[in-house]
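Below is one structure, written out as structure tokens; the observations come after it.
The values are calculated or read from the model by the stated rules, or taken from the named source; none is laboratory data. If you're wondering where the values come from, they're calculated on a predicted model, not measured in any experiment. As a convention, Cβ positions derive from the backbone with ideal geometry for all residues, glycine included, and neighbour counts pool all protein chains shown.
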Amino acid sequence: MHTGQYGSALRAFEKASELTNEEEELRALVRNRVTALQKLGKYEESMELIPAIGMVDFNSKAAAALGFHKGSVFSFYISQ
């Protein structure tokens, strides 16, 4: 599978996550990883990261909804 720019971005976000300990930066990087994974069609994998973000804003909730819909992950539980 050719991943193109989203695959490169995903690797960059993963590497950047290893280089910071700032909570807000980590959450932003995880949100970006979720977006890249969803663009690559890896919806179930993206859903595994949602709890690390927390359901704090519209974008987080929209990412979770997209993962539910596209990935048919109905057993996933979000506690917020």
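Hey, any hits in region 12-19 for a residue that's assigned to a helix (DSSP H, G or I), at pLDDT below 90 and loosely packed, with under 15 Cβ neighbours inside 10 Å? No: region 12-19 contains no residue that is assigned to a helix (DSSP H, G or I), at pLDDT below 90 and loosely packed, with under 15 Cβ neighbours inside 10 Å.
From Tyr43, Tyr6, grab the single residue that is touching a Ser or Thr at 6+ places or on another chain (Cβ under 9 Å) and at pLDDT 85 or above. Let's see the steps before the verdict.
On the way: Tyr43 fails: at pLDDT 85 or above.
Checking each option against the conditions leaves just Tyr6.
For region 46-78, the candidate set comprises residues that are in a helix (DSSP H, G or I) and among the hydroxyl-bearing types (Ser, Thr, Tyr); within that set, the residue that is modelled with the lowest pLDDT is Ser60.
Within region 22-38, residues that are more than 22 Å from Gly4 (Cβ to Cβ) and free of Cβ contacts under 8 Å to residues at least 40 places away in the same chain have Cβ atoms under 8 Å from residues that are hydroxyl-bearing (Ser, Thr, Tyr) and assigned to a helix (DSSP H, G or I) in these pairs: Leu26/Ser17, counting only partners at least 6 apart in sequence or on another chain.
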